Amino acid sequence: IILLINLFFDKNFFSIEVKNGYLTGSLIDILNRGAPLLLVSIGMTLVIATKGVDLGVGSVIAMAGAVGAMTVSGASGDSLVPLFTAIGLVIGISVLTGIWNGVLVSRIGVQPIVATLILMVAGRGIAQLITDGQIMTVYYDPYTFIGGGHLLMLPFSIFIVAAVLAVASLLTRKTAMGLFIESVGTNPEASRLSGINSKNILLMVYVFSGLCAGIAGLILSSNVASADGNNAGLWYELDAILAVVIGGTSLNGGRFHLMGTVIGALIIQSLTTTIYSIGIAPE
């Protein structure tokens, strides 16, 4: 319905053209601009399935973008070493944030909303420390390709989302992992008594959520060729939670729907695109 509304304002909204060897159009823009939210929402789905929540994903995005930009900010030439270093550091810091949240929730027993609120506040401060409170600009082409490049005529970020979604789907629907996550979300004590290591399941989903947020931060900073510790990923956690709920996953835990989450995230991005395309003030 949101997409069809655009036909009243732009008759060419659904048209897709080839320009400079790439597919362009509003639908392609929705997929491309929605890639970071899609990634964060995929990770958030598994966390919410365990009856938890990760409020720190927005700050992880800012931290990841700051670390990635800082690593390649002085890079020059065509060397790929700085790029691999940046990706490795971003993945490393993202996994560490997931471990931090996971340990607080699964081992220490802190409520998820409180545990992740710590990183939501402190993480953005860390990102601003990394960037020294300034917007850090990147001039390294291999880095900007991650969020701004194209592959097979499509934005490269779409392939990153597809890969993460495929891995998450395979692990949760083709193995027993998905059943374990749903079991822990429904009743963690009964799951423990039946032989499932509930603590490790909780730790795993928070690590995965942090990883997804880190990759999203890499895409965002790469797309705009800069890192902004103050505004990057701001309020992404709320959009991600909304996308998960729209997709049919209950905040009470249990069954989850990855493809529903994808649709939910695309609805949010479609609404954002519509607001801009028909001329409504962003505020």
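Points to keep in mind about this one:
- Sole exception among (1) farther than 21 Å from V184 by Cβ; (2) assigned to a helix (DSSP H, G or I) for G133, by number: (2)
- Given (1) surrounded by 18 or more Cβ atoms within 10 Å (Cβ to Cβ); (2) more than 23 Å from the chain's Cα centre (by Cα), index of the condition V161 fails: (2)
- Selection status of L234, part of a helix (DSSP H, G or I) and not small (G, A, S): no
- Qualifying positions in segment 253-283 - under 22 Å from M177 (Cβ atoms), at pLDDT below 95 and open to solvent by 60 Å² or more (accessible area, probe 1.4 Å): R255
- Scanning segment 248-282 for residues that are of a type in the set (G, A, S) and under 22 Å from I28 (Cβ atoms) yields G264, A265, S270, S277, G279.
- Selection of segment 18-57 for residues being among the acidic types (D, E) and open to solvent by less than 20 Å² (accessible area, probe 1.4 Å) yields only D54.
- Comparison of L117, L96 shows that the only residue that is at pLDDT 95 or above and under 15 Å from L203 (Cα atoms) is L96.
- Per-region count, segment 80-90, residues touching a residue at least 60 places away in the same chain (Cβ under 8 Å) and either open to solvent by 70 Å² or more (accessible area, probe 1.4 Å) or over 26 Å from I146 (Cβ atoms) (or both): 1
- Within the option set I196, I219, being modelled with pLDDT of 95 or more and either under 24 Å from I99 (Cβ atoms) or not in a loop (DSSP other than H, G, I, E, B) (or both) holds for one residue only, I219.
- Restricting segment 3-17 to residues that are in a helix (DSSP H, G or I) and open to solvent by 50 Å² or more (accessible area, probe 1.4 Å), the residue that is nearest to L271 (Cα to Cα) is L3.
- Any hit, segment 116-134, residues being closer than 23 Å to G52 by Cβ and more than 21 Å from the chain's Cα centre (by Cα): no
- Selection from segment 188-215 of residues that are surrounded by fewer than 24 Cβ atoms within 10 Å (Cβ to Cβ), touching a residue at least 12 places away in the same chain (Cβ under 8 Å) and of a type in the set (S, T, Y): S198
- For segment 103-133, a tally of residues being open to solvent by 20 Å² or more (accessible area, probe 1.4 Å) and under 27 Å from N32 (Cβ atoms) returns 3.
The values are calculated or read from the model by the stated rules, or taken from the named source; none is laboratory data. Worth saying up front: this structure is predicted, and the values here are computed from it rather than measured. Here the Cβ is made from the backbone with ideal geometry for all residues, glycine too, and neighbour counts use every protein chain on show. Just the protein is used for accessible areas: all its heavy atoms, side chains included, with ligands, DNA and RNA removed. Shrake-Rupley method; radii C 1.70, N 1.55, O 1.52, S 1.80 Å.
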